[in-house]
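Asks: A single structure is presented below for examination.
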Number of protein chains: 2
Amino acid sequence: MAMPFKIQLLNTKLLNNYHYAKDFGHRFGKSTSYLIKYLLDKSKSEDLHITVGDLDIGTAIKLIDNHENATAITLDVFNKKSRADAVQNADIVISMLPARFHIEVAKDCVTYDKNMVTASYVSDEMQALDTQVKRKGLVFMNEIGVDPGIDHMSAMQVIDRIRAEGGKIILFESFTGGLVAPESDNNLWNYKFTWNPRNVVVAGQGSAAKFLQEGTYKYIPYNRLFRRTEFLEVEGFGRFEGYANRDSLKYQSIYALNDVKTLYRGTIRRVGFSRAWNVFVALGMTDDSYTIDDSENMSYRDFVNSFLAYSPTDSVELKFRHALKIDQDDVIWDKFEELDIFSPSKMVGLKKATPAQILQKILMDSWSLDETDKDMIVMYHKFGYELDGEKHQIDATMVTLGEDQTYTAMSKTVGLPVAIAALAILNKKITTPGVLRPISKEVYDPILEELKSFGIAFKEKHVPYLGYNPLNA
Amino acid sequence: MAMPFKIQLLNTKLLNNYHYAKDFGHRFGKSTSYLIKYLLDKSKSEDLHITVGDLDIGTAIKLIDNHENATAITLDVFNKKSRADAVQNADIVISMLPARFHIEVAKDCVTYDKNMVTASYVSDEMQALDTQVKRKGLVFMNEIGVDPGIDHMSAMQVIDRIRAEGGKIILFESFTGGLVAPESDNNLWNYKFTWNPRNVVVAGQGSAAKFLQEGTYKYIPYNRLFRRTEFLEVEGFGRFEGYANRDSLKYQSIYALNDVKTLYRGTIRRVGFSRAWNVFVALGMTDDSYTIDDSENMSYRDFVNSFLAYSPTDSVELKFRHALKIDQDDVIWDKFEELDIFSPSKMVGLKKATPAQILQKILMDSWSLDETDKDMIVMYHKFGYELDGEKHQIDATMVTLGEDQTYTAMSKTVGLPVAIAALAILNKKITTPGVLRPISKEVYDPILEELKSFGIAFKEKHVPYLGYNPLNA
């Protein structure tokens, strides 16, 4: 009897070293639920044995749920021996650890000749292993979750098809958002945290967002990022807005978009979110670079007031409205009241916290998912191209709804591509060696096909070429 | 015959490694003119010999102007031997090098038992020498230019006097600005570069400005820094505005302001400057963290357009006005037109330049001093205090005008305190050892007294205590 394929899964318990991490791990760290379900469901027919390693063996035990083809182990990725043992004992390693922990695992995989899969961006350190990985004939598949992941695959499938028809890509825009499902969408921001809240609070910080519009490089500083959105309409789901991601330009080389005139990647929110969010940005409440004095004993109101000028008489509310030029009847106002940020009795209660950490805490009061809430992943691609001297455009959209709080849309869209890729590598359907992204036909065609059977599918429609020309709209 | 006191002056040629540095060095690097003049004038009566070291001996030769009590030498501070020789051969070392170069000189001064004077902020590395410096009985006097320098001395003189009278300081605000003199003030911004332009362009970037207002910590993010100004009236010179410096809180410990409720330090500009400057901040044109693609071949208009949304029809002017909500008849508009930032023919001509570098170049077209232009230093302190159960306030102001482009207000207010301090240390009038700031009576009293004879003097007036209460105003 042949030995089963041994899959070592490194679980993503260590989401973040921020003090809410534990809470998030509990509530949001379920990106592996679908991944594990898929592998266990296939374990008999595909002859798999899955070992789930976690710093907390309790989590691992829970995840495998007494399945006969799975083992739970304690795994401390910082312990060299613990890590090496786990890697050595596997045919393939799936690392769902936080991105910065992949590299040590990857080095072990090189040492012990193991293939590897991650859903994270290829780091410079990871990329540096490419020569060694190729020399050993190994496959290190990265960026194969949802964003990055499904975005790569679905975009490259259309791009390659257009090219095969002789078309030239002149525009590529791509938006993704993790949102609350319409049925659970019951606050004024039309938003709840369906993933690590910290990433939402600090999104867009750092250097300016850069992209290409009709051949011109464009730059948006953080303070204007949430004021330069564009609208997206998704059939059956209504209107969304997108704000620019920081890193659009790097996709030019990854996708070989040599003739592209417009290249823009963005994040999807419901319409109105960004304009309101910009108030936090403008006041400095998303800053994560310094700590607020005596943050522990501040009320939410004190926190807001620390970003407003002193006045012995004017209310925090009026100063807030005045500073941000918010009219009394502006719909944005209700959004802030809903968050109860002017409460003099709700306490921050966090020691030496940054503004971003405090804001996160305040938002978690309002934007945490209820037990019965469901999430949603929305993706929107625009492909503009020239063919036979004419301009065309294809818009492709995908919406995935979560089933419950275990089998979320996030865990489904992240976990399934990872799992499918891991199995395809084991079965030698994906064989091209190297430190890879899922941008080749060999990879994206079978995976996208299989994702359809799980309801993850894109709707394409031909639209008039709009480009970035408002007169065309 | 006794040997003369030997003063080693390290000249400030190396202003900046930015490619305009040479130009600035030429035009603005004259901070040593007054310093050298003072020392040479005193060289006979005080028996001094001044050695001026510069990387470019031509500069040093020019500075000493064949004076019998001075020598010019080539000095490369990065050359260990060159540096050590210069230090060894001196009784006191004055370093007018850029701040980051002081530390190596300081270490040599420790090694060879030499006193030292700088006009720069005490770095952590410099502070770390304190124990050694004290053990050797040396005086390392720092922060003894204008800001820091005259601000410390003039503030501490009043603070100590109030304390001696039994008063308790509850408010301290201090503003300084390097501006163009009224007679040369002929542009719409009421501003010209009288010092390193780069520092003006990147001013306020980084972490939020922090200060205390009536007992509450207040934080202003960069994107709002230039919108939260306060007005200052200086008799005979009209109205100014001040925006917050980043570092107000550290003065609480330096000045031992234990009971202070309001602590604010700011930079002075003419009224209206900050509101207009904020447009550059809002658009991201002051960002120094990334380079603009193909910056060399951009026109000024292209540069501005890269921060505005694409449109095939709308003018850059209209997009600019719309994005910043600038009405057609807003006075701010003329300021931008005056800078010619919408010119399609003026070229940036800088390779791989950051937005900040490009903006600096554009501003230097308009804000460079003409040959006959004079500069001005303005300082404004507010001291609020309680005495016998009542609140009082003293406002102290100082304005120094430049004489010409060699003997500028900047060189006078920076150079004279440095020179006077150096002589006082040589003459054992300042003896307390350590890495110091000029905040003790031993230091500030004689120096401020002597500065008066050069026309650098403060006008004090008692005003009703205003605090930070607009109702009191």
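Asks: Could you state how much accessible area is buried at the A-B interface, both sides summed, with a 1.4 Å probe, in Å² to the nearest 100? If you can, show how the numbers build up before the last one.
Replies: Numbers: alone 20580 and 20630 Å², together 38070 Å².
Using a 1.4 Å probe, the pair buries roughly 3100 Å².
Asks: Take peptide B:221-227, look around each residue's Cβ out to 10 angstrom, count Cβ atoms belonging to other protein chains, and average those counts. Show your work: numbers first, answer last.
Replies: On the way: counts 12, 5, 8, 7, 1, 0, 2.
Per-residue shielding by partner chains comes out at 5.
Asks: Another question, then. For the protein assembly as shown, what does the helix formula give at 222 nm: sum of -39500 (n - 2.57) over DSSP H segments with n ≥ 4, over the residue count, nearest 500 deg cm²/dmol? List each step's numbers first, then the result.
Replies: Values: 36 runs with 324 residues, N = 946.
Helix contribution divided over all residues of the protein assembly as shown: -9500 deg cm²/dmol.
Asks: So, one more: Among B:F458, B:G166, B:Q88, whose Cα lies farthest out toward the positive end of the dipole of chain B, if unit charges sit on the beta carbon of Lys, Arg (+1) and Asp, Glu (-1)?
Replies: After comparing all options, I get B:Q88.
Asks: Need the list of aspartates and glutamates near A:K391 for cross-linking: C-alpha distance under 15 angstrom, and skip anything on the same chain fewer than eight residues off.
Replies: List returned: A:E165, A:E214, A:D259.
Asks: Need the per-residue list for segment A:252-301: every residue with at least 40 Å² less accessible surface in the complex of protein chains than in the chain by itself, probe 1.4 Å, sorted by number.
Replies: Going by heavy-atom accessible area, the residues of segment A:252-301 that drop by at least 40 Å² are A:A282, A:Y290, A:D293.
Asks: Give me the mean projected area, in nm² to one decimal, of the convex hull enclosing the Cα positions of segment B:51-104. Mind dumping the intermediate values first?
Replies: Numbers: hull surface 14.9 nm².
For segment B:51-104, the mean projected area of the Cα convex hull comes to 3.7 nm².
Asks: Rounded to the nearest percent, how much of the accessible area of chain A (1.4 Å probe, protein heavy atoms only) is carbon and sulfur?
Replies: 48 percent
Asks: What FRET efficiency comes out for B:E125 versus A:D160 if R0 is 41 angstrom and r is the Cβ-Cβ distance? Round to the nearest 0.05. Display every interim value, and only then the final one.
Replies: Numbers: r = 56 Å, r/R0 = 1.37.
Between B:E125 and A:D160 the formula returns 0.15.
Asks: Per residue, how many Å² of accessible area does the protein assembly as shown show with a 1.4 Å probe?
Replies: Values: 38070 Å² over 946 residues.
With all protein chains present, the protein assembly as shown gives 40 Å² per residue.
Asks: Hey, what's the Cα Rg ratio for segment A:279-364 versus the globular rule of thumb, 2.2 N^0.38 Å? Don't skip to the answer; put the middle values down first.
Replies: Details: Rg = 12.3 Å, N = 86, 2.2 N^0.38 = 12.0 Å.
For segment A:279-364, the normalised Cα radius of gyration is 1.03.
Asks: Taking just the C-alpha trace of segment B:5-141, give me its Rg and Dmax in Å.
Replies: Answer for segment B:5-141, Rg first and Dmax second: 14.5, 42 Å.
Asks: Quick one: order B:D330, B:D314 from most to least accessible surface, probe 1.4 Å. Mind dumping the intermediate values first?
Replies: Details: B:D330 30, B:D314 75 Å².
The most accessible residue leads, giving B:D314, B:D330.
Asks: In addition: If a helix is a whole DSSP H run, which ones in chain B reach 18 Å or further along their own axis (Cα) and hold a mean Kyte-Doolittle hydropathy of at least 0.5? Intermediate results must be reported in sequence, preceding the final value.
Replies: Values: long enough: B:150-164 (21 Å, 0.11); B:409-426 (25 Å, 1.79).
Qualifying helices, which must be both long enough and hydrophobic enough, are B:409-426.
Asks: Which entries in B:K429/B:K459; A:K80/A:K107; A:K346/B:K250 show an alpha-carbon gap greater than 21 Å? Write out the running numbers ahead of the final one.
Replies: Working: B:K429/B:K459 26 Å; A:K80/A:K107 11 Å; A:K346/B:K250 30 Å.
From B:K429/B:K459; A:K80/A:K107; A:K346/B:K250, over 21 Å: B:K429/B:K459; A:K346/B:K250.
Asks: In Å, what Kirkwood hydrodynamic radius results for segment B:165-245 from the alpha-carbon pair distances? Walk me through the numbers on the way to the answer.
Replies: Numbers: mean 1/r = 0.0661 Å⁻¹.
Taking every pair of different Cα atoms in segment B:165-245, averaging 1/r and inverting gives 15.1 Å.
Asks: Let's see if you can work this out: charge +1 on each Lys and Arg Cβ, -1 on each Asp and Glu Cβ, no other charges. What is the dipole magnitude of segment A:5-141 about its Cα centre, in debye to the nearest 20?
Replies: Details: 18 positive and 17 negative charges, 26 e Å.
Around 120 debye, computed over segment A:5-141.
Asks: At a Förster distance of 25 Å, what's the computed FRET efficiency of B:I61 paired with B:Q88, Cβ-Cβ distance as r, to 0.05?
Replies: Efficiency, rounded to the nearest 0.05: 0.65.
Asks: Continuing with the same structure: Measuring from label point to label point, each 7 Å out along Cα→Cβ, what is the A:K44 to B:F454 span in nm?
Replies: Result: 9.2 nm between the two label points.
Asks: Can you name the residue in chain B whose Cβ lies closest to the B-to-A rotation axis, and give that gap in whole Å?
Replies: Chain B residue with minimal Cβ-axis distance: B:N223, 2.
Asks: Provide, as a two-decimal number, the C-alpha radius of gyration of chain A over 2.2 N^0.38 Å, N being how many residues it has.
Replies: Working: Rg = 23.3 Å, N = 473, 2.2 N^0.38 = 22.8 Å.
Cα Rg divided by the expected 2.2 N^0.38 Å: 1.02.
Asks: Just tell me how shielded A:120-131 is by partners: mean number of partner chain Cβ atoms within 10 Å of each residue's Cβ, no decimals. Display every interim value, and only then the final one.
Replies: Numbers: counts 0, 0, 0, 0, 0, 0, 0, 0, 0, 0, 0, 0.
Rounded to a whole number, the mean comes out at 0.
Asks: Once ligands and nucleic acids are excluded and a 1.4 Å probe is used, how much of B:V200 is accessible, expressed in Å² to the nearest 10?
Replies: Number for this one is 20 Å².
Asks: Tell me, what is the Rg over Rh of the protein assembly as shown, with Rh the Kirkwood radius over Cα pairs? Spell out each step's value before the answer.
Replies: Details: Rg = 32.4 Å, Rh = 31.6 Å.
We get a ratio of 1.02 for the protein assembly as shown.
Asks: A further question on this structure: What is the mean number of Cβ atoms from other protein chains located within 10 Å of the Cβ atom of each residue in peptide B:200-207, rounded to a whole number? Write down the numbers at each step before the final one.
Replies: Numbers: counts 0, 0, 0, 0, 0, 0, 2, 4.
Taking the mean over all residues of the peptide, I get 1.
The values are calculated or read from the model by the stated rules, or taken from the named source; none is laboratory data. This structure is a prediction, so every number in the text was calculated from the model and none was measured. Cβ coordinates were reconstructed from backbone atoms using ideal geometry, including for glycine residues, and neighbour counts include every protein chain displayed. When the accessible area is computed, the model is the full protein with side chains, heavy atoms only, and any ligands, DNA or RNA have been set aside. Shrake-Rupley method; radii C 1.70, N 1.55, O 1.52, S 1.80 Å.
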